[in-house]
Number of protein chains: 2
Amino acid sequence: MKAEIIAVGTELLLGQIVNTNAQFIAQECANNGIHVHYQTVVGDNPERIRAAVEIARGRADVILFTGGLGPTQDDLTKDVLAGMLGRELKVHEPSMDKIRELFSSRGAHMVESNIRQAHWIEGSDPLENETGLAVGNALTADGTHYVLLPGPPKEMKPMFLHQALPWLRGLLGEAVPLHSKMLKFAGIGESDLENRLIDLIEAQTDPTIAPYAKEGEVSIRVTTRAGSKEEAEEKMAAVVAEIYSRLGKHIYADEDIPIETAIVRIMSGKGLTLAMAESCTGGLLGDLITANPGSADAFRGGIISYSNEFKHKLLNVPQEFLEGDGCPGAVSEPTAAAMAEGIRSFADSDYALSITGVAGPGPSEGKPEGLVYIGLAQRGRETVVERLQLAGNRESVKLKAAKRALFLLWSALVAK
Amino acid sequence: MKAEIIAVGTELLLGQIVNTNAQFIAQECANNGIHVHYQTVVGDNPERIRAAVEIARGRADVILFTGGLGPTQDDLTKDVLAGMLGRELKVHEPSMDKIRELFSSRGAHMVESNIRQAHWIEGSDPLENETGLAVGNALTADGTHYVLLPGPPKEMKPMFLHQALPWLRGLLGEAVPLHSKMLKFAGIGESDLENRLIDLIEAQTDPTIAPYAKEGEVSIRVTTRAGSKEEAEEKMAAVVAEIYSRLGKHIYADEDIPIETAIVRIMSGKGLTLAMAESCTGGLLGDLITANPGSADAFRGGIISYSNEFKHKLLNVPQEFLEGDGCPGAVSEPTAAAMAEGIRSFADSDYALSITGVAGPGPSEGKPEGLVYIGLAQRGRETVVERLQLAGNRESVKLKAAKRALFLLWSALVAK
């Protein structure tokens, strides 16, 4: 099945945002045996959207739209497609109820334009929006399949995975489905990972082995075609076992979750508790942990010790570590250790993480940009401190430092 | 001048990489009065590249290619275009010399395929590659302009800025360039904003007015054509003044920065200090503030008070607010006020923010998902608390709560 992705939005044409939606959809299509031959971006302009659809239906079996389902006059995807297909736009009542409920729960006044988000092309299958208001659509007309997804990634992704993909799989019919297993790595870089598996990657036929990297995360996807999940597991077992035997101490999950989710699951499961003291990451570590529902069971709280006063008064970091000639300074091994121990002791938690470093740009108090110390204090065990020299801009240094600290904690949690 | 960007590469179609090149080129075009009407992605397949070029030259004056200039058999852009235009590919000798020198300086053996990187379409202008080996091309044929850029961003960007852009500016000749002003809003939703400006938006001709929204941010871009920045400012002045007169108390910047950057600038400029106490946002507020270089001047630190113990012991929230029959509870107006006052008093800062709420999914301690209280304590002024009922998933509730708290602080900072 040949596919084309059409992203609709003038903000993409003006380069105000990056088309990450096209990447996500393309990757998922590739994993599901749908061949994307073209991606197109077009602005919020009815004639040009129409022209793009004309071209796409001449060369693709399925057209995947993203964007243009919102409430404003610029959101035109449904209007244009309905017009081209000679179908009416109707109000999808369950979606309309959801919009009304939301506005009434907020005590806010619903404006007329919000109705547009409940529009639905006559005769299509509505695709529920789990995380937003605009309903999606899927339909087949004159042999072409159309899938309409919203533009915001947090709405588009769940709609694609939970609604559009099953609908598309229905079209694929008898084909032997793809199964894959995602192995998630921490504490190892992309090229290092690839080098340690290069013989497997180069010799791959079935199952296939593909490395993926995004900021702060590295993954391997093992994929095969099989009639059942059990058969797929069996076909993948040998190569998965080989990867574990080489790099098991870096694999924190065999599903697509971030390391903080793995940590919260382990800690909640065992009734363990966590606290943290962050300097250069400024709250990012806490933000990552608390992104997980249920994190309140494990997470007691944290201190963002951006000033020495916070480090000393709240974390009991000795004044002589922080001030005076020849003192180790705020960014140092003893300070990282004292921060972790200070917050663990206050929170009486089983584990505590600390991070202190120079996020940049430029050096600070004589320490180079990217120098970071991470500490782990543990009930009844010795405190561990690691020194990192990280590359990248401020945002990147913060994220890498936080992810590395999480890897230190995860390693302690799974150690025998 | 109408433009189309064609990114060539199967890795884009498979979603292995994100098309950041299209964003970069689109943004630069917009800034230089070149109107990108379409972006296309096509794989390393000669027939499909040819088909994409046929379509593009029917709808664009200039086609900007990126990718497919490398040494491998999959790098086809020059070959396909030369074939379509009936021109020969020749070796560009200065580029060839550079390739030879590089290999000899490394003591490496140059393979035949490296010659491909020095290929050059007969009669085109070569575009020097400052950071790599593949030479670019720019040419005009049958009224269409073609610019061929490499795929790796670190090669493409300098070639675009230093070689292609001057070449394109030469084509634009007398054309009057575009100027635009970005107005950034907080504390107001996308549809509300649009409704309050709908008459302006619908009546727009020159300058144009376009609303944009991304998670937690709403913006308006006002754009006009003018010979100089001063002339543009003058043409935009009336409509900008009208927008300010209607919604000025929501406009935190007239450039594309997030509200936390505006806050850090104001506070650093005035020597004001900030601290914070976060519960449901879990560190996100601190993370946003500390994303800004120089935030250490203003930001003293924060408490992530995820447990009642942290709220009571570190923030002095009275025990009777948190426990016992009929107590207001952790998610309540008095607790939010006490948190803000507690951290302000400890940090002795000029301002302090607090956030306490139910991020979800589901209710907590009898309070509904999305209920959030934000507090602002101020030196010598009364503490303010706002009650919010937010929609969306956990991540979205956290972000909206943090952005709303930042708006509360910004409003206090700019109040007379």
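Values in this text are rule-based calculations from the coordinates and carry no lab data. This one's a predicted model, so the numbers in the text were calculated from it and none came from an experiment. Note that each Cβ is placed from the backbone with ideal geometry, even for glycine, and that neighbours are counted across all protein chains shown.
Structural remarks
- Here B:MET159, B:MET182 are placed in order of increasing Cβ neighbour count within 10 Å, fewest first, which gives B:MET182, B:MET159.
- Among the chymotrypsin sites (Phe, Trp or Tyr not before Pro) in the range B:329-405, none is located in a DSSP loop while being surrounded by at most 12 other Cβ atoms within 10 Å of its own Cβ.
- Likely footprinting exposure, A:TRP120, A:TRP410, A:TRP167, fewest C-beta neighbours within 10 Å first: A:TRP167, A:TRP410, A:TRP120
- When the pairs A:LYS78/A:LYS98; A:LYS311/A:LYS400; A:LYS154/A:LYS400; A:LYS214/B:LYS78; A:LYS98/B:LYS214; B:LYS235/B:LYS270 are compared against a 26 Å limit on Cα-Cα distance, A:LYS214/B:LYS78; B:LYS235/B:LYS270 fall above it.
- Peptide B:208-215 - average C-beta neighbours from other chains (10 Å radius): 4
- The angle between the Cα long axis of helix B:20-31 and the longest principal axis of the Cα atoms of chain B comes to about 90 degrees, rounded to the nearest 10.
- Inter-chain neighbour count for B:390-398: the average number of beta-carbon atoms from partner chains within 10 Å of each residue's beta-carbon is 4.
- Counting DSSP beta bridges with both ends in the range B:263-416, the antiparallel % (nearest 5): 60
- A label point on A:GLU234, set 7 Å along the Cα-to-Cβ line, lies at 8.1 nm from each of its counterparts in the other copies, closest listed first.
- Inter-chain Cβ neighbour average for residues B:38-47, partner chain, 10 Å: 5
- Structural size metrics of the range A:28-69, computed from C-alpha coordinates, are Rg and Dmax of 11.3, 33 Å.
- When peptides B:146-153, A:308-315 are ranked by their average number of other Cβ atoms within 10 Å per residue, the highest-first order is B:146-153, A:308-315.
- The per residue volume of the convex hull around the alpha-carbon atoms of the range A:178-253 is 82 Å³.
- For the range A:89-149 and the range B:298-323, distance of Cα centres in Å: 42
- Net charge, B:GLY151 excluded, C-beta distance under 12 Å - Lys, Arg +1, Asp, Glu -1: -3
- Arranged from fewest to most other beta-carbon atoms within 10 Å of their beta carbon, B:ARG394, A:ARG387 become A:ARG387, B:ARG394.
- Taking the alpha carbon gyration tensor of the protein assembly as shown, multiplying each eigenvalue by 5 and rooting it gives semi-axes of 45, 34, 29 Å, largest first.
- Counting DSSP beta bridges with both ends in the range B:2-172, the antiparallel % (nearest 5): 40
- Pseudo-label separations to other copies for B:ASP125 - Cα-to-Cβ vector, 7 Å, nm: 5.3
- In this label model, A:LEU388 and A:THR208 are separated by 3.2 nm, measuring between points 7 Å along each Cα→Cβ vector.
- Phi-derived couplings, Karplus 6.51 cos²θ - 1.76 cosθ + 1.60 at θ = phi - 60°, listed residue by residue for the range B:135-142: 6, x, 9, 9, 7, 10, 9, 6 Hz, with x used for Gly and Pro.
- Projecting 7 Å from Cα along the Cα-to-Cβ direction, the label point of B:GLU320 sits 4.5 nm from its equivalents in the other copies, listed shortest first.
- Percent of beta bridges antiparallel (DSSP, the protein assembly as shown, rounded to nearest 5): 65
- Using θ = phi - 60° in the Karplus curve 6.51 cos²θ - 1.76 cosθ + 1.60, the 3J(HN,Hα) couplings for the range A:404-415 round to 5, 5, 5, 5, 4, 5, 4, 4, 5, 5, 9, 5 Hz; x is entered for Gly and Pro.
- Chain B: C-alpha gyration tensor shape, a/c 1.5 cut-off, then a/b vs b/c: prolate
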